[in-house]
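Input: a single structure, listed below in structure tokens.
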Amino acid sequence: MPLRAKPRKHGLRTSVTLASALLPIVLGAGILYIQAERTLEQSTRQTAEEALRQFELMLDNTAQAARELLPLAGQSCIDVNLALREQVTRRPFVRSTNLVWDDSIYCSSLFGDYHEKITPGDYVGGRLLLMKGNPVTPNTALLVYRISDGKRGAMSTLDGYHLSNVLRLIGRQTLLALHVGPNWLTADGQFHEGETPDFPVAQIQLDSSRYAFGVEAGFPEGETWRYMSSEYPALFSLLIFFGAVAGFIGHVLQKRSSSPTHEMKRALEALEFVPYFQAVVHGDSKKVSGVEVLMRWNHPTEGLVRPDLFIPFAEHSGLIVPMTRSLMQQTAALLAPLSASFEEPFHIGINITAQHCQSLELIEDCRAFLDGFAPGSVHLILELTERELIESTAITQQLFDQLHGLGVKLAIDDFGTGHSSLGYLRQFSVDFLKIDQSFVAMIGIDTLSSHILDTIIELAHKLGLAMVAEGVETQAQSEYLTDHNVNFLQGYLYGRPMPGADFISALSGH
Ligand code: C2E
Ligand code: CA
Ligand code: CA
């Protein structure tokens, strides 16, 4: 059945709702993540640039000391020792100075006469060496600056304490390291050898263009999320809000698209509600006197759907009015071309509901329907079921008066199953009574039902109303009804409801 009170695939609907809620959250979080990464990258770049600048300034100062001492190299240590110490005193970052002759330190600001061989290859670019410590302070890193000119050489040493201080102060939030060749120093003053450290988030490496060192900056694992949660709480709340709104909209849209009303609107536009035709025959001659138009839903996946499964929904949603209009238009399009060949007025029964009686729209629908046929070639009969009888109001009176004016006739359907009063039958100028098939089915079986049937037939005769017996399936029923002067008969015995093309060919064969 195409219409269900309970939605199908509840799990799927929940997943779609969840997906629509998550989509803006995930997208938004993705955008915020990229934004946070860019901010962090900018931050590490600025930090690295600042560190680089500071180290270059410190090295300028240190290199100056070495440059000033270089011309003294070769002189005896006693003569130049004071000059070496003066540089240490005057220059804020210089810890010690040394003079070199032929790749050997021969004079030191700290020890005076001192002898130690050096290997120029240890110095990156021949100039810089980052050391773990020296015999005086084995655990404090040192940065040694060296210059040479022939056999002469001078060296000045920068204390690692100043270096790690810069790393600590500049890189407060950032991980920062200074590297010179294969050696590097971190903000905690630790000396490391080998691969430069891996800072997983927003890593950047800048090399000095003036000295042989570089700076590495970055953040530890998970910093992007930490940054987002501390900097974007308001945006996150907004994302959650958008997610909730999107989820809600997704939920409502799904509910709408799977609602019976929505599904039926779609079907109406797709012309899936089609007329089936069941012949009505004269009681005496059994010649076709007309037809009852019965609605079917030609559903794309469910196949042909019986009207009692969807008409209640159509009535409930108010769609029954446009659905009936569509049915009448299709019927007129099929039968009107034959109307010139009808020998007597052909009866066309259309089922209506109480909904149709609440406005005057039906008048226009009937007028348009009748306009399609040759004048006087058809009788349009509106069938209103007895269980649904309508109250007499100014609108209904106007409606039925105008319908009668157009020549439209009124039949009470399923007669005998409701409780219409005689006054009612007169008030609405009823023309036909359609005897409910349950009474016909009881002919020859149930005497009480047969009595009721006889009473109905008698009543109709007395009121001068024409009768149609529905659900005639057997010859015995047919004979009984004919014997009792029932004017018209309808049932499987004379023909089942069938599509328009089949009905037309059956009619021409008749
Ligand atoms: P109804 O107006 O009383 O229509 C007669 C029903 O009896 C039809 O069922 C028809 O197929 C069935 N029928 C005809 N001859 C026999 C027979 O010999 N034996 C048996 N057992 N059944 C027979 P259907 O087409 O399934 O329609 C059911 C009901 O749905 C209709 O009852 C009518 O109340 C409603 N309906 C159908 N089409 C429309 C429509 O276009 N508008 C409205 N408002 N209701 C409709
Ligand atoms: Ca009917
Ligand atoms: Ca009926």
Hey, any hits in segment 32-50 for a residue that's of a type in the set (D, E, K, R), assigned to a loop (DSSP other than H, G, I, E, B) and under 30 Å from Thr186 (Cα atoms)? no
For the structure I just gave you, tell me whether Arg256 is over 28 Å from Leu489 (Cα atoms), of a type in the set (Lys, Arg) and part of a helix (DSSP H, G or I). yes
Regarding Ala374, is this residue in a loop (DSSP other than H, G, I, E, B) and not β-branched (Val, Ile, Thr)? yes
Please go through (1) surrounded by fewer than 17 Cβ atoms within 10 Å (Cβ to Cβ); (2) outside any strand (DSSP E or B) for Tyr227 and return the number of the only condition it doesn't satisfy. (1)
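Would segment 82-96 turn up any residue that is assigned to a loop (DSSP other than H, G, I, E, B), surrounded by 17 or more Cβ atoms within 10 Å (Cβ to Cβ) and assigned by TED's automatic domain parsing to the domain that holds Gly153?
So far as segment 82-96 goes, yes, one or more of its residues are assigned to a loop (DSSP other than H, G, I, E, B), surrounded by 17 or more Cβ atoms within 10 Å (Cβ to Cβ) and assigned by TED's automatic domain parsing to the domain that holds Gly153.
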Just one of the numbered conditions (1) in contact with a His (Cβ under 6 Å, 6 or more places away or on another chain); (2) surrounded by 21 or more Cβ atoms within 10 Å (Cβ to Cβ) is not true of Leu382; which one? (1)
Segment 137-171 - residue that is in contact (Cβ under 8 Å) with a residue 40 or more places away in the chain and part of a loop (DSSP other than H, G, I, E, B) and, of those, nearest to Leu185 (Cα to Cα): Ala141
In segment 347-365, anything more than 16 Å from ligand 3 (Cβ to nearest atom), among the hydrophobic types (A, V, I, L, M, F, W, C) and either surrounded by fewer than 20 Cβ atoms within 10 Å (Cβ to Cβ) or not assigned by TED's automatic domain parsing to the domain that holds Val281 (or both) is listed as Leu360, Ile363
Which ranges mark the strands (runs of 3 or more DSSP E) fully within segment 269-366 that have 2 or more residues being within 16 Å of ligand 2 (Cβ to nearest atom)? 273-282, 288-299, 346-352
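The values are calculated or read from the model by the stated rules, or taken from the named source; none is laboratory data. For clarity, every value in this text was computed on a predicted model and none was experimentally measured. For neighbour counting, all protein chains shown are included, and Cβ atoms are generated from backbone atoms with ideal geometry for every residue, glycine included.
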